[in-house]
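Structure record follows, encoded as structure tokens.
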């Protein structure tokens, strides 16, 4: 979900987190880090300031009857125009949840704490950057997300592609059996957003959790067979996200801690590459 400009933002969050004084007592660090992360995110995910959250356009309350599993949560119907492709604008509708800065900060810090990480500054910086790069804090309940072709070998390597999401995971449905490029500046068919998934791909937003990391973190739902892209994974991600809403912890965030690498918000690397 992130372009280079959005990735640059992850540099600044990593540096902001890293500036935490290392001399602070260990028991003070979680609260300090959560405050710093929430402060940075507050300028990027609030109602008035949400740069990077490129789907957060023309949003209205979604009809709760359309998504019965999500009733009681503030799902937004956002009709947005993606401008990554200057000559091939695509307008589509996605149904989204936007966690607050405090909510995201809590999930990030407690994810590292619950995973038993002692390097909290590094872990939270990498986890925050992974979240921002993967989703910019946007959780797609349903609908299309417009992105470039993932490989130059794709049939239309320079065209915008329409990735259909359900419960935070890329999926296919009966009427949308494969990911295709946008046609006529639009994704479609619109009805696919409300259909049951037939297949679910690998990554669960908002932090790109995987079936493996979910299981290793103690997830108990049936996530299905990864090789066959079983749709149970989408249901598991959706349930984990609903369970976390309004809570201090999110299983999906704890799950990906084991998969963090130097490419996930490594502070010195990002500073050299993106932040002179």
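Each value in this text was obtained by applying a stated rule to the coordinates, not by laboratory testing. Remember, predicted model here, so these are calculated numbers, not experimental data. Every residue, glycine as well, gets a Cβ built from its backbone with ideal geometry; the counts of neighbours run over all protein chains shown.
At a Förster distance of 45 Å, what's the computed FRET efficiency of residue 57 paired with residue 27, Cβ-Cβ distance as r, to 0.05?
0.60
Round to the nearest 10 and give me the degree value, 0 to 90, for the angle of helix 101-114's Cα axis relative to the longest principal axis of the chain.
70 degrees
Between residue 43 and residue 248, what FRET efficiency comes out of the Förster formula 1/(1 + (r/R0)^6) with R0 = 22 Å and r the beta carbon distance, rounded to 0.05?
Approximately 0.50, to the nearest 0.05.
So what's the angle, to the nearest 10 degrees on a 0 to 90 scale, between helix 4-18 and the longest Cα principal axis of the chain?
20 degrees
By per-residue mean of other Cβ atoms within 10 Å, what is the highest-first order of 235-241, 176-182, 76-82?
235-241, 76-82, 176-182
Over the stretch 4-274, what is the percentage of antiparallel beta bridges among all DSSP beta bridges, to the nearest 5?
95 percent
Percent relative contact order of the stretch 4-274, based on C-alpha pairs within less than 8 angstrom and at least six residues apart?
Once normalised by length, the contact order is 20 percent.
Per the Cauchy relation, a quarter of the hull surface: what is the mean projected area of the convex hull of the alpha carbons in the stretch 4-274, in nm²?
That works out to 14.2 nm², a quarter of the Cα hull's surface.
Between residue 73 and residue 175, with labels modelled 7 Å along Cα→Cβ, what's the label distance in nm to one decimal, could you check?
2.3 nm
So, in Å, what gap is there between the alpha-carbon centers of the stretch 49-72 and the stretch 119-178?
The stretch 49-72 and the stretch 119-178 have Cα centres separated by 17 Å.
Using only Cα atoms, tell me the angle between helix 29-42 and the longest principal axis of the chain; keep it within 0 to 90° and round to the nearest 10.
In the chain, helix 29-42 runs at an angle near 40 degrees to the longest axis.
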